[in-house]
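Down below is the structure, laid out as structure tokens.
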Amino acid sequence: MTSFKRISDAGNLTGKVALVRVDFNVPMENGLVTDDTRLRAAVDTVQSLRTAGAKVALLAHFGRPKGERVAEMSLAPIAGAFAKVLGANVSFVADCKGEHVKKAIADLQPAGVILLENTRFYKGEEAGDLDLAKEIAALGDLFVNDAFSAAHRRHVTTAVLADLLPAYAGINMEEELTALDKALGNPERPVMAIVGGAKVSSKIDLLKNLVTKVDALAIGGGMANTFLFGRGHSVGKSLCERDLMETAKEIEAIAKASGCDIILPRDVVVAKEFKAHAAHRVCGLDEVADDEMILDAGPQSVAILAAAMDVAKTVVWNGPLGAFELEPFDKATVSAAKAAAARAKSGKLIAVAGGGDTVAAMHHAGVADDLTFISTAGGAFLEWMEGKQLPGVEALRR
């Protein structure tokens, strides 16, 4: 995975136009950006190109306009927000192809930055249309992809441009790929994966891939209930995909054949209502009443996870261990996250986490800055964990 081209490989960039794919699909409210995390993630790449004397033309999407011009999905308000984060002027042009766009870029001074309009206003973007790619490619001299979050799609601005222009990974992309390579590509062993979330059905490919690559797989959240049910334990009225019991058994069989240890909860936190601060209790696996639901892993289960982390050299984490959005059913996720963070901070563990709920859970636990790396990419992170090739990454290989 590390054999991709970097900006440092691009040579002299003075006066060159860099088309930079960024992820500016940020939360907005009343025309204002409410979370600038993704804007800040693009700064290092943009500043690196500006320092090298390049003109920077930013390509991004926002929302799902489905090939139509949707006023509320214009990137115009984001230009000002990014300018504040960057500490430099960012102009805007209400299109992403054509002679008027080319002129707007030509009018930039070296180190100037311009944000082009939402690439998804064109149907050809998501279709990977070559004609659209040629029109956009005509605007620049090189292509830089800094949007790992969209790398699992073969869109014009995530992959096809790399067929038409010299293509390089941006700094954020580079950091992401390097961290992921350390987690699963060429990890320090033993490797432990923690996978949580609601349903097995959404992560079948992920689980089948992981058990062939890691030394231990801890399963939590609602999906653990399906495995527990498959082992003959009562799960009451918990979320449980009973129709996937055989799939769970198949995954366990693959794990056994691959030498991967499956770690499931040994004790659980149950309640009769799915709400914050509902009356609850900790019980053993065979003590769940018919009218109770499992909402979190218990303290014994967390202790087992922490002990497994003491053996592991690398941990890759996706998904919470319980209904972490409802107190007190966040305890297992928070405690395990703190255990991973403490070991990572002391240099005993490489801890990489990713996926939407996972990022939120790590911030909730207050450990986001202590893990080795947190990926903000959702679908791309999952497809990478599933062992799939990502078109936007493959296009950058040497």
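In the range 322-341, the qualifying residues are those that are under 22 Å from the mean Cα position of the chain (by Cα) and open to solvent by 60 Å² or more (accessible area, probe 1.4 Å), and the one that is nearest to residue 222 (Cα to Cα) is 325.
Going through the range 188-218 one residue at a time, which ones are assigned to a helix (DSSP H, G or I) and open to solvent by less than 10 Å² (accessible area, probe 1.4 Å)?
Narrowing the range 188-218 to residues assigned to a helix (DSSP H, G or I): 204-210.
Matches in the range 188-218: 206, 207, 210.
Within this structure, residue 105 fails the test of being over 21 Å from residue 16 (Cα atoms), surrounded by 15 or more Cβ atoms within 10 Å (Cβ to Cβ), touching a residue at least 24 places away in the same chain (Cβ under 8 Å) and among the β-branched types (Val, Ile, Thr).
One line per residue, one yes/no per condition, for (1) part of a loop (DSSP other than H, G, I, E, B); (2) of a type in the set (Gly, Ala, Ser); (3) in contact with a Gly (Cβ under 9 Å, 6 or more places away or on another chain); (4) open to solvent by 40 Å² or more (accessible area, probe 1.4 Å):
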| site | (1), (2), (3), (4) |
| --- | --- |
| 24 | yes, no, no, no |
| 61 | yes, no, no, no |
| 77 | no, no, yes, yes |
| 82 | no, no, no, no |
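Give me the residue from the range 151-170 that is assigned to a helix (DSSP H, G or I) and touching a strand residue (DSSP E or B) at 6+ places or on another chain (Cβ under 7 Å) and, out of that set, nearest to residue 68 (Cα to Cα). Filtering first and then ranking leaves 161.
Taking the criterion of being within 21 Å of residue 291 (Cα to Cα) and among the polar types (S, T, N, Q), the residues of the range 201-258 that qualify are 225, 226, 234, 238. Only one entry of 50, 120 meets the criterion of being in contact (Cβ under 8 Å) with a residue 60 or more places away in the chain and either open to solvent by 20 Å² or more (accessible area, probe 1.4 Å) or not in a helix (DSSP H, G or I) (or both), and that entry is 50.
Of all residues in the range 84-98, count the ones that are assigned to a helix (DSSP H, G or I) and open to solvent by 20 Å² or more (accessible area, probe 1.4 Å). Even if it seems obvious, please write down each step before you answer.
Residues of the range 84-98 assigned to a helix (DSSP H, G or I): 84-86.
Going one step further and asking which of them are open to solvent by 20 Å² or more (accessible area, probe 1.4 Å), we end up with 84-85.
Looking only at that region, the number is 2.
Could you please let me know if residue 111 is closer than 22 Å to residue 47 by Cβ, outside any helix (DSSP H, G or I) and open to solvent by 10 Å² or more (accessible area, probe 1.4 Å)? Steps first, please.
On the way: closer than 22 Å to residue 47 by Cβ: yes; outside any helix (DSSP H, G or I): yes; open to solvent by 10 Å² or more (accessible area, probe 1.4 Å): yes.
So residue 111 passes the test.
Residues in the range 145-174 that are over 24 Å from residue 16 (Cα atoms) and either among the charged types (D, E, K, R) or modelled with pLDDT of 95 or more (or both) were compared, and the one that is most open to solvent (accessible area, probe 1.4 Å) is 154.
Might you check whether a residue that is open to solvent by less than 10 Å² (accessible area, probe 1.4 Å) and within 26 Å of the chain's Cα centre (by Cα) occurs anywhere in the range 124-131? Give the derivation first.
Step one: filter the range 124-131 for residues open to solvent by less than 10 Å² (accessible area, probe 1.4 Å), giving 125.
In the following step, the residues that additionally are within 26 Å of the chain's Cα centre (by Cα) were identified as 125.
Checked against the condition, which is being open to solvent by less than 10 Å² (accessible area, probe 1.4 Å) and within 26 Å of the chain's Cα centre (by Cα), the range 124-131 yields at least one hit.
Of all positions in the range 123-143, at least one carries a residue that is closer than 24 Å to residue 378 by Cα and assigned to a strand (DSSP E or B). Within the range 237-296, the set of residues being over 20 Å from residue 218 (Cα atoms), open to solvent by less than 30 Å² (accessible area, probe 1.4 Å), among the aliphatic types (A, V, I, L, M) and out of contact with any Asp or Glu (no Cβ under 9 Å at 6 or more places or on another chain) comprises 278, 288.
The values are calculated or read from the model by the stated rules, or taken from the named source; none is laboratory data. Every value quoted in this text rests on a predicted model; they were computed, and no experiment measured them. Here Cβ is always computed from backbone atoms with ideal geometry, including for glycine, and neighbour counts include all displayed protein chains. Protein only, heavy atoms only, side chains kept; ligands, DNA and RNA dropped before computing areas. Shrake-Rupley method; radii C 1.70, N 1.55, O 1.52, S 1.80 Å.
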